[in-house]
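Read the structure below first, then the notes.
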Amino acid sequence: MANVGIAIAKFVAAAITGSSSMLTEGVHSLVDSGNQLLLLYGQAKADRPPDAAHPFGYGRELYFWAFVVAILIFAVGAGVSIYEGWRHIASPEPLRDPTVNYAVLGIAMVLEGTSWAIAVREFNGTRGASGWWQSIRRSKDPAGFIVLFEDSAALVGLLVAGIGVWASHHYADPRIDGAASIAIGLILATVAVLLAREAKGLLIGESADKAIIAIVRRILEARPQVTAVNHVRTIHTAPDAVFVAISADFADDLPMGEAESLIEAMEAEMKAAVPELTSIYIRPEKQGGALVQPRPFNRANS
């Protein structure tokens, strides 16, 4: 609702002053509002329980809507901004009193800055000691980093719009305002490409964090009845749900009944250690005929 209010204020300011960058910023805020509604819709759809058609649930539907958001930012946000900037350069409008623009930009900066600070605080709470970009690449919850990207782009866009309005009046050249609109469009296009790349990886299917795989391996290797761990394959079926398929070589003299009890005990231990493991499949398989996955290298093994 705050974004819708900001969008209306920007459109009114653009109508009064004829500013291209303000019109672009209005489109930007309107697109952000629609994107947040789509993410809320995607989260609601992703929370549906598994059924016969989707036995692993609907969690990855959120990834689809995240990809749609990236397309909208690129097609609508960036496309309209660049077109409006080019049109304003080709046919510049007479300069008018920019006071309304500065007032709206100042209010929007405060509101967007507050939203950005909240997004950064929440993201910092989940990234731990990892770097920003590394955490974004590892994140399986697109809603978190999309809001962070959008808010960051919004703040930069407001700064560019403010500079464009000031410079166009300072140098008495309204075409500068159009150039600022194009710059905002390029910023949005860059954000859209980054978001699309991350959403694409999640849609295709990304493995769980290496720390989760290491915990699973440790639990398996701690059992003397397991002589070798052939591979541990994981995939996120939702931001907080992981499917894991394990191939392990069991001792040849282990009775079937004991093997079943052992597998149940290991599954229970894994789910207790990693609650995100919603589906676990352990396949007893001779190492000689199995596809063996190399153990991830870490300093403890060196």
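Every condition in (1) in a helix (DSSP H, G or I); (2) buried (at least 20 other Cβ atoms within 10 Å of the Cβ) holds for Thr190 except the one numbered (2). All of (1) in contact with a helix residue (DSSP H, G or I) (Cβ under 6 Å, 6 or more places away or on another chain); (2) open to solvent by less than 30 Å² (accessible area, probe 1.4 Å); (3) more than 30 Å from Trp86 (Cα to Cα) hold for Leu262 with one exception: (1). A count restricted to the range 216-237 and to residues that are under 29 Å from Pro49 (Cβ atoms) and open to solvent by 10 Å² or more (accessible area, probe 1.4 Å) stands at 6. Considering (1) polar (S, T, N, Q); (2) touching a helix residue (DSSP H, G or I) at 6+ places or on another chain (Cβ under 8 Å); (3) open to solvent by less than 10 Å² (accessible area, probe 1.4 Å), the lone condition that Ser247 does not fulfil carries the number (2).
Where helices (runs of 4 or more DSSP H) fall wholly inside the range 1-112, the ranges with 3 or more residues that are open to solvent by 60 Å² or more (accessible area, probe 1.4 Å) and more than 14 Å from Leu188 (Cβ to Cβ) are 2-17, 20-46, 79-90.
The values are calculated or read from the model by the stated rules, or taken from the named source; none is laboratory data. No experiment lies behind these values; they were computed from the predicted model shown. Cβ: placed from backbone, ideal geometry, glycine included. Neighbour counts: every protein chain shown. To get the accessible areas, we keep the full protein, side chains included, count just its heavy atoms, and leave off ligands, DNA and RNA. Shrake-Rupley method; radii C 1.70, N 1.55, O 1.52, S 1.80 Å.
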